[in-house]
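See below for the structure under consideration.
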Amino acid sequence: MAARVQTEDFDLGAEIARLRQGNPAIGAVVAFVGLVRDLNENASVSEMTLEHYPGMTEKALTEIEAAAKSRWDIVETLVIHRVGALQPTDQIVLVAVGSAHRHEAFAACEFIMDYLKTQAPFWKKEQTPQGAHWVDARESDETAAQRWIPPQAK
């Protein structure tokens, strides 16, 4: 498991190669890359700034990865989340999961991303023609994360 918060961009191919390097137990790799869009809720976005709480954020990412590993038979995970000022088309986040079979990797990748959107301490500020504003949490992200909670725990 690896989790990093960084300002610099990442190379998807190099990160996937490192994830699976020399590990014959990995038969499938699923990756998700989130990008900065130029439009959000019908407003033009010229820049997005991501902030985090150092130490707390990395701990949360590690806990999310550990939760995925406890639920699915996965071999390796990688989460990279960028912070700082980003432009439309810039990469924001990479979630990659290696497992013996694709089903486990797909489910774990989706779970990690859903929990990143709702549980990791990141704050987003968008720059629009109307000025800068903080982005509120989305109800759709909360709904997506709720599906991973067993019915008896709700």
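The values are calculated or read from the model by the stated rules, or taken from the named source; none is laboratory data. Predicted model, so just to flag it, every value in this text is computed and none were measured. Note that each Cβ is placed from the backbone with ideal geometry, even for glycine, and that neighbours are counted across all protein chains shown.
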Could you tell me which of the residues Thr77, Thr89 is at pLDDT 95 or above and assigned to a loop (DSSP other than H, G, I, E, B)?
Thr89
Do we find a residue being touching a strand residue (DSSP E or B) at 6+ places or on another chain (Cβ under 6 Å), buried (at least 17 other Cβ atoms within 10 Å of the Cβ) and either touching a residue at least 40 places away in the same chain (Cβ under 8 Å) or on the phi > 0 side of the Ramachandran plot (or both) anywhere in region 132-142?
no
Going through Gly55, Gly22 one at a time, which residue ends up being within 16 Å of Pro121 (Cβ to Cβ), at pLDDT below 95 and not β-branched (Val, Ile, Thr)?
Gly55
Scan region 111-154 residue by residue and report those that are aliphatic (A, V, I, L, M), over 20 Å from Asp38 (Cβ atoms) and modelled with pLDDT of 90 or more.
Ile112, Met113, Leu116, Ala120
When Trp148 is run through (1) without any contact (Cβ under 8 Å) to a residue 12 or more places away in the chain; (2) part of a loop (DSSP other than H, G, I, E, B), the failure sits at (1)
Residue pairs meeting the criteria (Cβ under 7 Å; at least 6 apart or on separate chains; first closer than 7 Å to Val29 by Cα, in region 97-108; second part of a helix (DSSP H, G or I) and of a type in the set (D, E, K, R)):
Gly98/Arg20
Answer residue from region 98-129, given it is within 18 Å of the chain's Cα centre (by Cα) and among the β-branched types (Val, Ile, Thr) and is farthest from Glu63 (Cα to Cα) among those
Thr118
Among the residues of region 11-34, is any assigned to a helix (DSSP H, G or I), over 17 Å from Glu110 (Cα atoms) and touching a Pro at 6+ places or on another chain (Cβ under 9 Å)?
no
Flagged in region 37-51 as over 17 Å from Asp136 (Cβ atoms), in a strand (DSSP E or B) and of a type outside the set (Gly, Ala, Ser), in numbering order, are Glu47
Neighbours by Cβ (under 9 Å, 6+ apart or cross-chain): first from region 76-94, free of Cβ contacts under 8 Å to residues at least 40 places away in the same chain; second assigned to a strand (DSSP E or B) and among the polar types (S, T, N, Q):
Ala85/Thr49; Ala85/Gln127
Which of the residues that make up region 1-28 are within 13 Å of Ile74 (Cβ to Cβ) and touching a helix residue (DSSP H, G or I) at 6+ places or on another chain (Cβ under 6 Å)?
Met1, Ile26, Ala28
Among the residues of region 65-94 satisfying the criterion of being surrounded by 15 or more Cβ atoms within 10 Å (Cβ to Cβ) and touching a His at 6+ places or on another chain (Cβ under 9 Å), which is nearest to Trp123 (Cα to Cα)?
Val83
From Ala105, Ala100, Ala96, which residue is at pLDDT 90 or above, small (Gly, Ala, Ser), closer than 21 Å to Gly13 by Cα and in contact with a Leu (Cβ under 7 Å, 6 or more places away or on another chain)?
Ala96
